[in-house]
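*Asks:* Let me give you the structure first, and then I'll get to my questions.
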Amino acid sequence: MDNDQVAAILAEIGVLLELKGENPFKTRAYTNAARTLETFPERLETIVAENRLGEIKGFGQALQDKITQLVTTGSLPYYDELKASLPPGLLELLEVPGLGPKKVKILHDKLNIASLSQLETACQSGQVAELPGFAAKTQSKILDGIAFRKKYASHHLISLALRTADPILDQLRSHPDVIRCATAGSLRRHKEIIGDIDFLASSRNPTAVIAFFTALPGVILIHASGDTKASVVLEGGIQADLRVVTDPEFPFALAYFTGSKEHNIVMRQRAIERGLRLNEYGLFRSNSETNDPALLLPCATEEEIYNQLDLDFIPPELRENQGEFDAAAEHRIPRLIEWTELRGSLHNHSQWSDGRDSLNDIIAAMIDLGCDYWAITDHSKSSVQANGLQPDRLQRQITEIASRNRRLADEGESFRLLTGTEVDILNEGRLDFDNDLLAQLDVVVASIHQGFTQSEPEITRRLIRAAENPFVHMLGHLSGRLLLERHPYKLDAHAVIDACAETGTWIELNASPYRFDLDWRLWSYAKSRGVKCVINCDAHRLEHSGFLRLGAGIARKGWLTKADVINTLPLPQLKKALAQKRA
DNA sequence: GCCGTTTTCGGCCCGACTGTTTTCAGTCG
């Protein structure tokens, strides 16, 4: 079993223990261990073989034994027994808003409810309202929650969340009672999938701001509305929370509500170690219970809060408790890449295959955007569904791009189109074009578009063979996932990264918000192996050039700097880098 | 289940809101 599989099982054990009513700190130990493994840079197989599990913080004897069993035997009787002791439907009950482990346990113990449909029936017949701790209001809230769940997704792509949040942010900022306003939470941390949108505002009149927010035209449902906090559902089904604080409290609240939860826990612990108390209202001297203003250490910005805790500023994208505290304490937080440092994209499509736009339109738009170059990497012949190019059409496209570039040169324009292909990786790792043809192209991206159901060793081998081809510059969308739609195919990403390191092959960070592939959690491993990143739009229409910005956000989450990303290079240096593998 | 120079037990982040309660438990973030 690999890291992800073990992490998934530990996370499920955490939830199952919660449902059993176990000690919450025990359940947290499993949840924390799962989280650690999700982003752990080394392969568990290696760690177990070298008997180093105990060196990982939070991995005590019990967890070490269980993980070792999972990695070496592929199964864990403790988990199987735990799972068998509870009906599988209980897990989905937890997804109903307002239902936590305690209430689910009561529903199961008293009414033998073990699925969403059973819960719906019991609510409709009024049985749920009779239970201790439940009443009419809870019952109808559960019914609303089940109906809502049928109608809307609970998770959303960051691109949709940004489109939803930006206009609301503008409206809040224009309200006369709002002093400062920002988004926080997973949106500010630039997670690829967003559960809800968190807004934070400072004001002397929170009631007015809350009233304004809950009355916005996009609000279709109000979950909760108090003096300083409101929770609503917006059109499209995204939940949005607003918290209103005083202006001096704003930086503390911004840090607090940006999270992540795991990051905040460490922040609080650091405060306690220094005889301080940190919460969303401030950083206070002494451990007294009250938020006494006389004991406040005023901080005008988030950076000052970090400094008070002997840390350098930690950019929101890194606040996942994934090593940022050690780095910040030792002044090792890198200067993360900015999207404006990107000079172009090396994986894009045109109307020659399944893109929408002509070469001329692409040239005009990308010059307008300020790019130095833009590679046209249309699909290869086997991608019939995407109108992939036969070799003769690709030859014609090479000629046409050359003539466009001559015209650009004549006009004194420095922008250039680059020729290229997104060549299919076929079975056994053969490529869809001959090396003779690939050798004529500026940029070769190799990607898998078929044979998704092959075994992990087969797919891993295909990708490694593609990396070994001297004409392949980079591997495209490595895992093949489509966020919220399609799981990645099975592959050993660490082994492929190792092969890229050995062959000098780059890995794409596909910046389409449906992909963000390679996942940000794997970039620190890739970086540690010296593998370079290319942030590509995989543009199929002009507006997809906006993905550069989103992709840079994901690269920042992966701790990448300008030097780690190939397409920050100006054209002459890029051409040298492209020639390097072939030489 | 984890952790530890106040160490093998007794802690483990903390506050807002809701609903069901006659003072608080559960959920959420």
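The values are calculated or read from the model by the stated rules, or taken from the named source; none is laboratory data. On a predicted model such as this, the values are computed, not experimentally measured, just so you know. Here the Cβ positions follow ideal geometry from the backbone for every residue, glycine too, while neighbour counts run over all protein chains shown. When the accessible area is computed, the model is the full protein with side chains, heavy atoms only, and any ligands, DNA or RNA have been set aside. Shrake-Rupley method; radii C 1.70, N 1.55, O 1.52, S 1.80 Å.
*Asks:* Within the range A:258-389, what whole-number % of the accessible surface is contributed by carbon and sulfur, with the 1.4 Å probe and all protein chains included in the calculation? Present the calculation step by step, with values, prior to reporting the outcome.
*Replies:* Working: 2810 of 5770 Å².
It is 49 percent, rounded to a whole number.
*Asks:* Note the angle between two axes, namely the Cα long axis of helix A:3-20 and the longest principal axis of the Cα atoms of chain A, as a number of degrees from 0 to 90, rounded to the nearest 10.
*Replies:* Helix A:3-20 sits roughly 20 degrees off the main axis of chain A.
*Asks:* At what distance in nm do the modelled label points of A:T207 and A:R268 sit from each other, each positioned 7 Å from its Cα along Cα→Cβ?
*Replies:* Once both label points are built, they end up 3.0 nm from each other.
*Asks:* Continuing with this model, one more query. What does the helix-only formula give at 222 nm for chain A: each DSSP H stretch with n ≥ 4 adding -39500 (n - 2.57), the total divided by the residues, and the result rounded to the nearest 500 deg cm²/dmol?
*Replies:* Numbers: 24 runs with 250 residues, N = 583.
Only helices count here, giving -13000 deg cm²/dmol.
*Asks:* Multiply the residue separation of A:K20 and A:H155 by 0.36 nm, subtract the distance between their alpha-carbon atoms, and state the gained length in nm to one decimal.
*Replies:* Values: separation 135, 0.36 × 135 = 48.60 nm, distance 2.64 nm.
My answer for the length gained is 46.0 nm.
*Asks:* Over the Cα atoms of the range A:145-211, how large are the radius of gyration and the largest Cα-Cα distance (Dmax), in Å?
*Replies:* When restricted to the Cα atoms of the range A:145-211, Rg and Dmax are 13.8, 40 Å.
*Asks:* Tell me, what HN-Hα J-couplings in whole Hz come from the Karplus equation 6.51 cos²θ - 1.76 cosθ + 1.60 at θ = phi - 60° for each residue of the range A:393-402, using x for Gly and Pro?
*Replies:* For the range A:393-402, the Karplus curve yields 5, 5, 4, 4, 5, 4, 4, 5, 5, 4 Hz.
*Asks:* Filter A:K381/A:K532; A:K57/A:K103; A:K103/A:K150 down to the pairs with a C-alpha to C-alpha distance above 25 Å, please. List each step's numbers first, then the result.
*Replies:* On the way: A:K381/A:K532 28 Å; A:K57/A:K103 32 Å; A:K103/A:K150 21 Å.
Pairs exceeding the cut-off: A:K381/A:K532; A:K57/A:K103.
*Asks:* Taking 0.36 nm per residue of sequence separation and subtracting the Cα-Cα distance, how much length would be gained by fully extending the chain between A:K83 and A:Q390, in nm to one decimal?
*Replies:* Values: separation 307, 0.36 × 307 = 110.52 nm, distance 5.22 nm.
Contour length minus Cα-Cα distance gives 105.3 nm.
*Asks:* In addition: Quickly work out the A:A147-to-A:D247 label distance, labels modelled 7 Å from Cα along the C-beta direction, and quote it in nm with one decimal.
*Replies:* It is 4.4 nm.
*Asks:* Which three numbers, in whole Å and largest first, are the semi-axes of the equivalent ellipsoid of the range A:274-336 derived from its Cα gyration tensor as √(5λ)? Please list the in-between numbers first.
*Replies:* Working: eigenvalues 124, 24, 20 Å².
With the √(5λ) rule applied to the range A:274-336, the semi-axes are 25, 11, 10 Å.
*Asks:* Continuing with the same structure: Tell me the relative contact order for chain A as a rounded percent, counting alpha carbon contacts under 8 Å between residues six or more apart. Mind dumping the intermediate values first?
*Replies:* Working: 1036 pairs, mean separation 54.3, N = 583.
Contact order relative to length: 9 percent.
*Asks:* Which FRET efficiency value, to the nearest 0.05, do you get for A:D227 and A:S117 by plugging their Cβ-Cβ distance into 1/(1 + (r/R0)^6) with R0 = 30 Å?
*Replies:* Numbers: r = 38 Å, r/R0 = 1.27.
E between A:D227 and A:S117, to the nearest 0.05, is 0.20.
*Asks:* Here's a follow-up. Solvent-accessible area per residue for the range A:1-50 at a 1.4 Å probe radius, Å²?
*Replies:* On the way: 2370 Å² over 50 residues.
Averaged over the residues of the range A:1-50, the accessible area is 47 Å².
*Asks:* Here's another thing I want to ask about it. For the range A:1-105, which trypsin sites (Lys or Arg not before Pro) are in a loop by DSSP, counting at most 11 other Cβ atoms within 10 Å?
*Replies:* Those satisfying the criteria are A:K57.
*Asks:* Counting only residues 5 or more places away or on other chains, whose amide H sits under 5 Å from the amide H of A:D538 once H atoms are built in the peptide plane?
*Replies:* Amide H neighbours of A:D538, under 5 Å, 5+ apart: A:H347, A:A511.
*Asks:* State, as an integer percentage, the relative contact order of the range A:1-48 based on alpha-carbon contacts under 8 Å between residues 6 or more apart.
*Replies:* Contact order relative to length: 51 percent.
*Asks:* Same structure again: Defining a contact as two alpha carbons under 8 Å apart and six or more residues distant in sequence, what relative contact order in percent does the range A:1-135 show? Walk me through the numbers before you get to the answer.
*Replies:* Details: 117 pairs, mean separation 32.1, N = 135.
Value for the range A:1-135: 24 percent.
*Asks:* Can you give the extra length, in nm with one decimal, that the chain gains between A:L295 and A:L94 once fully stretched, where that is 0.36 nm per residue apart less the Cα-Cα distance?
*Replies:* Values: separation 201, 0.36 × 201 = 72.36 nm, distance 4.04 nm.
Result: 68.3 nm gained on full extension.
*Asks:* Amide H to amide H, which residues 5 or more places from A:D354 or on other chains are under 5 Å from it, using H placed in the peptide plane?
*Replies:* A:H379
*Asks:* How many percent of the accessible area of the range A:427-583 is carbon or sulfur, using a 1.4 Å probe?
*Replies:* Of the solvent-accessible surface of the range A:427-583, carbon and sulfur hold 50 percent.
*Asks:* Calculate the length of the line joining the C-alpha centroid of the range A:308-375 to that of the range A:489-554, in whole Å.
*Replies:* If you average the Cα positions of each part, the centres end up 11 Å apart.
*Asks:* Before I look further, what does the range A:245-340 give for accessible area per residue, probe 1.4 Å, in whole square angstrom? The partial results should precede the final answer.
*Replies:* Details: 4550 Å² over 96 residues.
Result: 47 Å² per residue.
*Asks:* Computed over the Cα atoms of the range A:1-75, what is the convex hull's projected area averaged over all directions, in nm²? Please list the in-between numbers first.
*Replies:* On the way: hull surface 17.6 nm².
Reported value for the Cα convex hull: 4.4 nm².
*Asks:* Continuing with this model, one more query. Compute the acute angle (0 to 90°) between the alpha-carbon long axis of helix A:456-468 and the principal axis of greatest extent of the alpha-carbon atoms of chain A; round to the nearest 10°.
*Replies:* The angle comes out near 40 degrees.
*Asks:* May I pose another question? So what's the angle, to the nearest 10 degrees on a 0 to 90 scale, between helix A:61-73 and the longest Cα principal axis of chain A?
*Replies:* Tilt of helix A:61-73: around 40 degrees.
*Asks:* Report, by chain and number, residues whose modeled amide H sits under 5 Å from the one on A:V178, excluding near sequence neighbours (fewer than 5 apart, same chain).
*Replies:* none
*Asks:* Also, I was wondering about something else. What is the list of residues in the range A:350-374 whose amide nitrogen lies under 20 Å from a point 7 angstrom out from the Cα of A:D410, following Cα to Cβ?
*Replies:* Within reach of a label on A:D410: A:359-365, A:367.
*Asks:* Let me ask another. Which of the GluC sites (Glu not before Pro) found in the range A:250-334 are loop residues per DSSP with 15 or fewer other Cβ atoms within 10 Å of their Cβ? Can you show the working numbers first?
*Replies:* Numbers: sites: A:E262, A:E273, A:E280, A:E289, A:E302, A:E303, A:E304, A:E317, A:E320, A:E324, A:E330; in loops: A:E280, A:E289, A:E320, A:E330.
In loop regions of the range A:250-334 (DSSP not H, G, I, E or B), the sparsely surrounded GluC sites (Glu not before Pro) are A:E289, A:E330.
*Asks:* Let me check the size of the range A:479-576 from its C-alpha atoms; what are the radius of gyration and Dmax in Å?
*Replies:* Looking at the range A:479-576, its Cα Rg and Dmax stand at 13.3, 39 Å.
*Asks:* Also, I was wondering about something else. Would you please report the Å³ per residue occupied by the convex hull of the alpha carbon atoms in the range A:542-583? Let's see the in-between values first.
*Replies:* On the way: hull volume 3.9 nm³, N = 42.
About 94 Å³ per residue, rounded to a whole number.
*Asks:* Residue by residue through the range A:437-451, which ³J(HN,Hα) values in whole Hz follow from phi under the Karplus form 6.51 cos²θ - 1.76 cosθ + 1.60 (θ = phi - 60°), with glycine and proline marked x?
*Replies:* 6, 4, 5, 7, 9, 5, 9, 10, 9, 10, 9, 9, 10, 8, x
*Asks:* So how far apart, in nm, are the two label points at A:Q580 and A:D436 if each is 7 Å from Cα heading toward Cβ?
*Replies:* In this crude spin-label approximation the distance works out to 3.0 nm.
*Asks:* Can I ask one more? Would you please state the base-10 log of I(q)/I(0) at q = 0.05, 0.08, 0.10 1/Å for chain A, with intensities from the Debye formula using one equal scatterer on every alpha carbon?
*Replies:* -0.25, -0.66, -1.02
*Asks:* Let me know the Rg and Dmax you get for the range A:307-465 when you use only its Cα atoms, in Å.
*Replies:* In Å, with Rg to one decimal and Dmax whole: 20.8, 65.
*Asks:* Could you give each residue of the range A:300-310 its phi-based ³J(HN,Hα) in whole Hz, using Karplus coefficients 6.51, -1.76, 1.60 with θ = phi - 60°, and x for Gly or Pro?
*Replies:* Values, residue by residue: 7, 9, 4, 4, 5, 5, 4, 4, 4, 9, 6 Hz.
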